Amino acid sequence: IPKTQRETVFDKFQQHCDTLTDKPPGSGLGLSICRLVVERMGGSIWCEESDLGGARLCFQLPATQLVNAESAETT
């Protein structure tokens, strides 16, 4: 993913390639759905430079504290 397109890669219907000669399969919704799911869970998703070259897609979700069902029933 070129650096200039990394901000728009999560937009709906985006397919970053030459769509006239190299049309990829799919509708371009996969990463926009990923962004929606991650953000609804309180996280963030981004695209950054990879150490191996190209791009790396990353996400981060907040940690949550698990509540013990037995202690929740007694309170």
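Quick note: the coordinates plus some simple rules give every number you see, no bench work behind them. Being a predicted model, the structure only gives us computed values, none of them experimental. Ideal geometry is used to build each Cβ from the backbone, glycine not excepted, and the neighbour counts take in all protein chains shown.
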Label point distance in nm, residue 29-residue 5, each placed 7 Å from Cα along Cα→Cβ: 2.1 nm
Where does each of 54-64, 39-49 land if you order them by average Cβ count within 10 Å, highest first? 39-49, 54-64
What are the residues whose amide H is under 5 Å from the amide H of residue 55, where those residues sit 5 or more places off or on another chain and H is modelled from the backbone? 50
